[in-house]
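Colleague: Below you'll find the structure I mean.
Every number in this text was worked out from the coordinates using simple rules, so none of it is lab data. Since the structure is predicted, the reported quantities are computational estimates derived from the model, not experimental observations. Heads up, the Cβs are rebuilt from the backbone with ideal geometry, glycines too, and the neighbour counts pull from every protein chain shown.
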Amino acid sequence: MHADHATTGAIMGEPISGGMPATTDATEGHDAAAAADGAARPLVGVREEPLSVDEVLAAVTHPRVGGVVTFLGVVRNHDDGKGVDGLDYSAHPTATDALTRLVQATLRRDGVVTVAAVHRTGHLDVGDLAVVLAVGAEHRGEAFEACRALIDDLKAEVPIWKHQLFDDGSDEWVGTP
């Protein structure tokens with residue numbers, strides 16, 4: 001169950017409810033976050049490659065956005081008084097679909113215009129970005145509330161598991177069922 005089921009790829013465009021493949025390249029046809037019809041297109045990804053804050057910020061750029069709130073999850077060097085050397089993240093094959101559902105729900109919140117959410121899998125060292133989220137809304141309050149809810153829901157609902165590697169040679173799985 002703890003085998004590395006890392007899902008790579010990202011989704012940008014139509015809602016996933018129709019079964020869009022999880023390996024769609026997020027940058028494919030991506031000149032701006034707005035679609036030809038003016039609607040915002042979300043960026044969603046669960047991938048092994050290092051995450052790009054610039055990519056996420058570009059995805060939430062839209063003329064209707066008056067405030068953007070970001071969340072950067074960074075691998076820290078400690079947890080519960082123990083030194084951390086690194087983390088290994090594993091994702092269930094449905095992780096991208098679960099994250100997409102959360103992004104779509106966030107887009108339905110009042111005032112929210114654009115959303116981007118990307119989570120990394122594989123081995124990460126201290127200081128690496130594990131998750132990058134951004135919410136663009138008409139006003140800052142809506143963006144702050146939506147981004148906070150998105151990270152809380154991601155941690156509770158998306159099947160991504162963290163294997164902590166401690167500096168004393170021990171390890172611990174976090175977020176497993």
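Colleague: Short version: ³J(HN,Hα) in whole Hz for each residue of region 76-92, in order, from phi by Karplus 6.51 cos²θ - 1.76 cosθ + 1.60 (θ = phi - 60°), x for Gly and Pro, what are they?
Modeller: 9, 8, 8, 7, 6, x, 10, x, 10, 8, x, 9, 10, 9, 10, 10, 5
Colleague: What is the local net charge at Arg101, summed over the other residues whose Cβ is closer than 12 Å to its Cβ (Lys, Arg +1; Asp, Glu -1)?
Modeller: Combined, the nearby Lys, Arg, Asp and Glu give -2.
Colleague: I'd like to compare 101-110, 71-80: which one has the highest average count of other Cβ atoms within 10 Å, and what's the full order after that?
Modeller: The packing order, highest mean first, is 101-110, 71-80.
Colleague: Please give the net charge around Gln164, taking every other residue with its beta carbon less than 11 angstrom from that of Gln164, where Lys and Arg add +1 and Asp and Glu add -1.
Modeller: Cβ neighbours under 11 Å give a net charge of -4.
Colleague: Relative to the present Cα-Cα distance, how much length would full extension add between Thr70 and Arg148 at 0.36 nm per residue of separation?
Modeller: Contour length minus Cα-Cα distance gives 27.1 nm.
Colleague: Order by neighbour count: Leu43, Leu99, fewest other Cβ atoms within 10 Å first, most last.
Modeller: Ascending Cβ contact count within 10 Å gives the list Leu43, Leu99.
Colleague: For every other residue with a beta carbon closer than 12 angstrom to the beta carbon of Ala134, add +1 if it is Lys or Arg and -1 if Asp or Glu, then tell me the sum. If you can, show how the numbers build up before the last one.
Modeller: On the way: positive: none; negative: Asp54, Glu55.
Around Ala134, the surrounding residues sum to -2.
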